[in-house]
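Take a look at the structure below.
The numbers here are math on the coordinates, done by the rules we state, and not lab data. Fair warning: this is a prediction, and the values are worked out from it, not measured in the lab. Reconstructed Cβ throughout: ideal geometry from the backbone, glycine too, with neighbour counts over all protein chains shown.
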Amino acid sequence: MLDIVGFGVNAIDQVIQLYRIPTADAKVVCPPEKYELYPGGVMGNTLTGLARLGLKTGFIGKIGDDNFGSLLQQYSREDGIDMSACTVEAGTHSPWTWIVVDKEGERTITFFQMCSIRLPSNIYAAVRITYPLRVYCIWKAQR
């Protein structure tokens, strides 16, 4: 039995470390060692943290059938997050972000939603039957 099920965004964060955040029309070179991929997304990060604290977590949402989707499944498995209710949407890309971080730690984040993260309107009733839990964690993307 799971302790917490989360609905929302599970994404790949592409973190780029630069000496400054580029301004309009700027061209900045990013050395390969300053570019890294991490599992992320608001719900992905939340469930990872809770799983690492010892709670049994599950994710309900969508990812694409691309390389980032495979990475998200791999990272989730490694952290013990149940992905059995995660839908893999054929022919789409998984959500991802570009996160540019400067030498002071300031950052900008650009989110690419890609696959639809909308869930069916009856999802809450279906989840309560499938996962009899005390806690449901929901994050809704802002536009």
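How much net charge surrounds Lys56 when only the other residues with a Cβ under 10 Å from the Cβ of Lys56 are counted, with Lys and Arg +1 and Asp and Glu -1?
Its environment carries a net charge of -2.
Restricting to Cα pairs below 8 Å that are 6+ residues apart, what does the relative contact order work out to for the stretch 1-89? Please round to a whole percent.
That works out to 35 percent.
Cut-off 18 Å, label point 7 angstrom out along Cα-to-Cβ of Lys103: give me the residues of the stretch 22-37 whose amide nitrogen falls inside.
22-23, 27-35
Shape of the stretch 58-103 from its Cα gyration tensor (a ≥ b ≥ c, root eigenvalues): rounded if a/c is under 1.5, otherwise prolate when a/b > b/c, or oblate?
Cα axes put the stretch 58-103 in the oblate bin.
What chymotrypsin sites (Phe, Trp or Tyr not before Pro) in the stretch 1-85 are in a loop by DSSP, with at most 12 other Cβ atoms within 10 Å of the Cβ?
Loop-located and lightly packed - Tyr19.
Less than 16 Å apart at the alpha-carbon level, and either on another chain or at least 8 residues along: which aspartates and glutamates does that give for Lys27?
Filter leaves Asp102.
How many angstrom lie between the C-alpha centres of the stretch 1-33 and the stretch 48-101?
15 Å
Starting from the stretch 1-35, pick out the trypsin sites (Lys or Arg not before Pro) whose DSSP state is loop and whose Cβ has at most 16 other Cβ atoms within 10 Å.
When the trypsin sites (Lys or Arg not before Pro) of the stretch 1-35 are filtered for loop state and at most 16 Cβ neighbours within 10 Å, Arg20, Lys27 remain.
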